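The values are calculated or read from the model by the stated rules, or taken from the named source; none is laboratory data. Computed from a predicted model, the values in this text were never measured in an experiment. Backbone-built Cβ (ideal geometry, glycine too); neighbour counts: all protein chains shown.
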Amino acid sequence: MICLTNVTRRFGALTAVDNLNLEVKAGSIFGLVGPDGAGKTTTIRMITGIMTPTSGKINLLGSDNTESVKDQIGYVPQKFSLYGDLTVMENIQVIGALYGANKQRVEQLGTEILDFTNLLPFKDRLADNLSGGMKQKLALAAGLMHRPKIFFLDEPTTGVDPVSRREFWQMLYRLNKEGTTIFVSTPYMDEAELCTRVAFMSQGRIVACDTPQNLKAAYPFRLLELTAESKAVKTVLAKCPVLDVNSFGDRYHLVAEYSPEVVPKVEAALHAAGIEGYSLQEIPPTLEDIFVHLAGEGGAACTP
């Protein structure tokens with residue numbers, strides 16, 4: 001469905017996307033994951049033909065000419081871009097008309113898609129009066145009006161409440177089961193877990209690409225979770241055989257080699273510092289642990 005070969009995009013002296021190689025299979029839910037500024041939006045804009053790469057080759061749906069397949073792709077941008085002074089149904093009618101559908105077909109498709117996205121009861125509400133989650137559902141509905149083969153979504157749930165996020169992903173799963181390939185960018189690691197394959201992006205490069213299960217299985221270190229009421233854990237453990245200490249709220253993830261000395265030395269350092277009432281246990285890595293580990297490493301190609 002998608003093949004990028006040595007794709008680069010520069011803005012003056014800034015390289016936003018750096019020599020990207022990427023392949024996405026038909027029928028998958030592909031997640032492009034990374035922090036703000038990693039190059040996710042630029043990558044999606046290049047694939048969808050909104051932006052031209054500085055160098056490299058993009059093949060979409062078997063064509064090197066994105067314009068020739070634009071009627072087969074859907075796109076939900078990061079920022080809500082529909083008409084706030086129109087109702088939900090009026091927005092759908094405008095989008096349907098832009099795709100050349102007649103009025104009867106627009107009404108039929110619009111009703112089906114609003115029902116699919118649970119927006120039919122709100123069809124007469126102004127878009128400006130929708131919640132953040134409902135606005136994203138409307139953007140999703142608009143992007144489906146021409147029944148695309150592949151659907152691109154750029155951080156579609158940013159700023160959306162947890163319940164709406166879950167409902168949104170349930171709709172993506174339903175679309176995927178009906179045959180639509182999904183390409184979604186997200187900063188949320190829990191959403192990355194829901195993808196068929198995940199590519200981690202950092203500073204314009206892909207640093208790892210595989211299934212969530214394989215990425216976690218390949219994590220090369222032992223991971224210990226420490227819960228302690230102390231702000232000085234990193235300083236206390238500075239002389240311990242620990243490779244890294246990452247803070248997750250009131251918890252710390254200690255990255256270490258597989259050695260029997262690690263736990264006794266960590267416990268001894270905590271006792272010496274007067275830190276009591278802590279808990280220390282070995283845990284499996286999360287995708288967030290893996291991304292923290294990989295963010296500083298070199299880029300990699302992403303193949304099926």
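With respect to residue 300, determine if the residue is more than 30 Å from residue 43 (Cα to Cα), part of a loop (DSSP other than H, G, I, E, B) and either at pLDDT 95 or above or not hydroxyl-bearing (Ser, Thr, Tyr) (or both). Don't jump to the end; show me each part of the working.
Details: more than 30 Å from residue 43 (Cα to Cα): no; part of a loop (DSSP other than H, G, I, E, B): yes; either at pLDDT 95 or above or not hydroxyl-bearing (Ser, Thr, Tyr) (or both): yes.
Considered against the rule, which asks whether it is more than 30 Å from residue 43 (Cα to Cα), part of a loop (DSSP other than H, G, I, E, B) and either at pLDDT 95 or above or not hydroxyl-bearing (Ser, Thr, Tyr) (or both), residue 300 comes out as no.
Quick check on the range 83-125: of everything there that is part of a loop (DSSP other than H, G, I, E, B) and at pLDDT below 90, which residue is nearest to residue 154 (Cα to Cα)? Write out each step before concluding.
Applying the first criterion (part of a loop (DSSP other than H, G, I, E, B)) to the range 83-125 yields 83-86, 99-102, 117-119, 123-125.
From what's left, at pLDDT below 90: 99-102, 117-118.
On the way: 99: 21, 100: 25, 101: 26, 102: 29, 117: 18, 118: 21 Å.
Among those residues, the one meeting the criterion is 117.
Here is a yes/no grid of residues against (1) among the charged types (D, E, K, R); (2) crowded, with 20+ Cβ neighbours inside 10 Å:
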{"residue": "141", "(1), (2)": "no, yes"}
{"residue": "159", "(1), (2)": "no, no"}
{"residue": "167", "(1), (2)": "yes, no"}
{"residue": "188", "(1), (2)": "no, no"}
{"residue": "202", "(1), (2)": "no, yes"}
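Just to check your reading of the model, which residue among 54, 5 is more than 29 Å from residue 215 (Cβ to Cβ) and of a type in the set (Ser, Thr, Tyr)? Before you say what the answer is, go through the steps one by one.
Values: 5 fails: more than 29 Å from residue 215 (Cβ to Cβ).
After ruling out the rest, the residue left standing is 54.
Inside the range 253-288, can you point out the residues that are within 28 Å of residue 212 (Cα to Cα), of a type in the set (Val, Ile, Thr) and part of a loop (DSSP other than H, G, I, E, B)?
Scanning the range 253-288 gives 283, 286.
If you check residue 218 against the conditions, is it small (Gly, Ala, Ser), surrounded by fewer than 16 Cβ atoms within 10 Å (Cβ to Cβ), at pLDDT below 95 and in contact with an Asp or Glu (Cβ under 9 Å, 6 or more places away or on another chain)? Break it down into steps so the answer makes sense when it comes.
On the way: small (Gly, Ala, Ser): yes; surrounded by fewer than 16 Cβ atoms within 10 Å (Cβ to Cβ): yes; at pLDDT below 95: yes; in contact with an Asp or Glu (Cβ under 9 Å, 6 or more places away or on another chain): yes.
Spelling it out, residue 218 is indeed small (Gly, Ala, Ser), surrounded by fewer than 16 Cβ atoms within 10 Å (Cβ to Cβ), at pLDDT below 95 and in contact with an Asp or Glu (Cβ under 9 Å, 6 or more places away or on another chain).
Which of the residues spanning the range 28-38 are modelled with pLDDT under 95 and assigned to a loop (DSSP other than H, G, I, E, B)? Give the steps one after another, and end with the answer.
In the first step, residues of the range 28-38 are kept if they are modelled with pLDDT under 95; the result is 33-38.
If the condition is that a residue be modelled with pLDDT under 95 and assigned to a loop (DSSP other than H, G, I, E, B), then 34, 35, 36, 37, 38 are the ones that fit.
List the pairs whose first member sits in the range 161-179 and is in contact (Cβ under 8 Å) with a residue 12 or more places away in the chain, whose second member is in a helix (DSSP H, G or I) and aliphatic (A, V, I, L, M), and whose Cβ atoms are under 9 Å apart, counting only residues at least 6 apart or on separate chains?
164/134; 168/140; 171/140; 172/140; 175/140
Scanning for something over 18 Å from residue 197 (Cβ atoms) and among the hydroxyl-bearing types (Ser, Thr, Tyr), does the range 20-43 turn up at least one residue?
yes
Only one of 182, 206 is surrounded by 21 or more Cβ atoms within 10 Å (Cβ to Cβ) and out of contact with any helix residue (DSSP H, G or I) (no Cβ under 7 Å at 6 or more places or on another chain); which? Give the steps one after another, and end with the answer.
Details: 182 fails: out of contact with any helix residue (DSSP H, G or I) (no Cβ under 7 Å at 6 or more places or on another chain).
None of the other options fit; the residue is 206.
Among the residues of the range 2-33, write down those that are touching a residue at least 12 places away in the same chain (Cβ under 8 Å) and on the phi > 0 side of the Ramachandran plot.
Filtering the range 2-33 down to residues touching a residue at least 12 places away in the same chain (Cβ under 8 Å) leaves 2-10, 15-33.
Within the range 2-33, 6, 19, 27 qualify.
From 60, 98, 114, 82, grab the single residue that is within 15 Å of residue 143 (Cβ to Cβ), of a type in the set (A, V, I, L, M) and within 23 Å of the chain's Cα centre (by Cα).
Values: 60 fails: within 15 Å of residue 143 (Cβ to Cβ); 98 fails: within 23 Å of the chain's Cα centre (by Cα); 114 fails: within 23 Å of the chain's Cα centre (by Cα).
Answer to the selection: 82.
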